[in-house]
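This report refers to the structure that appears directly beneath it.
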Amino acid sequence: MTVARRTVQDEVLRFDPAIPIERAWTPPSSWYVSPELFALERERVFRREWTPVARVADLATPGAYASGVVAGEPWVVVRGMDGELRGFANTCRHKGREVVQGCGRAEKLVCGYHAWSYGLDGTLKSAPRMAGIQDFDRAAMSLPPIQVEVWGPWVFVNFDLAATALLERVPELDGKLQASGWDRLTYLSSTTWDIGCNWKVYVDNYLDGGYHIPHMHPTLDAQIDMTTYRTETFARSSLQSTGTSAVDDPRIDFEARQRMGDGALYAWLFPNFMLNRYGSCLDSNLVIPVGPDRCQVVYDFFFEEPAGSEDFIAESVAQSAVTQQEDIAICESVQLGLGAASYERGRYAPQVEVGEHHFHRLLFEALKD
């Protein structure tokens, strides 16, 4: 379904956040297939929310920088010689090219197009061959700043200078993760998955309160005790938790407690960042919108020091891959159904899908105006 520009807001308003989950309908399928809704989300959501873009350990040295793109906006984060982390819009003030690409270390940021250079504080230092130019305000040609914060092992950015601080949005998650000892974690590796679904389909699946686990994730279901599965919602986040199964299960050839410890925490930060803490492991999922029907999921794997045997680490990563492949199959099938003429919208399971309903209410608030 394609929604004309004049009706985009009508489609947003078809979801009513005031209706209790017991009587509520899910957002219409247009939210998941419309190019216009996707464009609105880029502007109203992803350019105004906190996004993890780099690991703190990779920006520890003065002069270290990392760059990339969020919702079409190029960014660069750099560690100044004074030790401070700063972020800037990564577009040269001359012709708009990215000033730097990738990551590295530098004493100044030099655009590869015409060699305009900027200090690590974003100020314009050099603009070659500009003799004769009039009314040139050097200060106004500095790189525009963006917000930068550190949480756990990640560096986050936000293009909205008026946005509330990240740590003010995650106090409940921060407390739980701090208590889990995530300061002992060491980065291992990353994997990127390309998925044929709208980014919200993936988030919905993650936030369904474990509803699909017994039906779609047999090896994960064998490791956890679904009778203990709980969901808590907070202002801008939610937390799912579960205990570890105490029963030997033939669906797995290892002891559940060996991998899961006493249980798992599944933390979600609006709109698209998930943290999965279990045993001596943590993996994170960052869901990157690519198009109305496509997204990428970037997995980072962390283990405590000492991390345990190589076999244990390999098995944990392999089990995460199994679950991810099962989720991809789910999400791509759901995306197909959302585009069908026979489907318009559905209902929530009130006892389990509270996290998903909470997500849709937050998204509505971001889009409604």
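Would you give the gap between the C-alpha center of the range 226-252 and the C-alpha center of the range 254-292, rounded to a whole Å?
A separation of 11 Å, based on Cα centres.
Can you give the net charge of the other residues whose Cβ lies under 15 Å from the Cβ of residue 195, counting K and R as +1 and D and E as -1?
Numbers: positive: 200, 294; negative: 194, 204, 293, 326, 327, 332.
Charge balance near residue 195 sits at -4.
Please work out how many pairs of lysine residues in the chain are eight or more positions apart (or on different chains) and have Cα atoms closer than 21 angstrom.
Taking the Cα cut-off of 21 Å, the pair count is 4.
Output the lone cysteines of the chain: those with no second cysteine's C-beta under 4.7 Å from their C-beta.
103, 281, 295 - these cysteines have no disulfide-compatible partner (Cβ-Cβ under 4.7 Å) in the chain.
Based on DSSP H assignment, which helices of the chain show an axial Cα extent of at least 15 Å together with a mean Kyte-Doolittle hydropathy greater than or equal to -0.5?
310-338, 354-367
For a bin width of 10 Å, list the pair-distance distribution of the chain built from all Cα-Cα distances, rounded to whole %.
Per 10 Å bin, starting at zero, the Cα-Cα P(r) for the chain comes out as 5, 22, 30, 24, 14, 5, 1, 0 percent.
Can you give the FRET efficiency for residue 9 and residue 323, using 1/(1 + (r/R0)^6), R0 = 30 Å, r = Cβ-Cβ distance, to the nearest 0.05?
FRET efficiency, residue 9 to residue 323: 0.20.
Which loop trypsin sites (Lys or Arg not before Pro) in the range 263-369, with loop taken from DSSP, have no more than 12 other Cβ atoms within 10 angstrom of their Cβ?
Sparse-neighbourhood loop trypsin sites (Lys or Arg not before Pro): 368.
Can you sort 202, 348 by how many other beta carbons sit within 10 Å, fewest first?
The fewest-first ordering by Cβ neighbours comes to 348, 202.
What ranking do 75, 268 get, fewest neighbouring Cβ atoms within 10 angstrom at the top?
Exposure proxy ranking, most exposed first: 75, 268.
Throughout, read-outs are computed from the coordinates displayed, never taken from laboratory work. Note that this is a predicted model, so its numbers are computed, not measured. For neighbour counting, all protein chains shown are included, and Cβ atoms are generated from backbone atoms with ideal geometry for every residue, glycine included.
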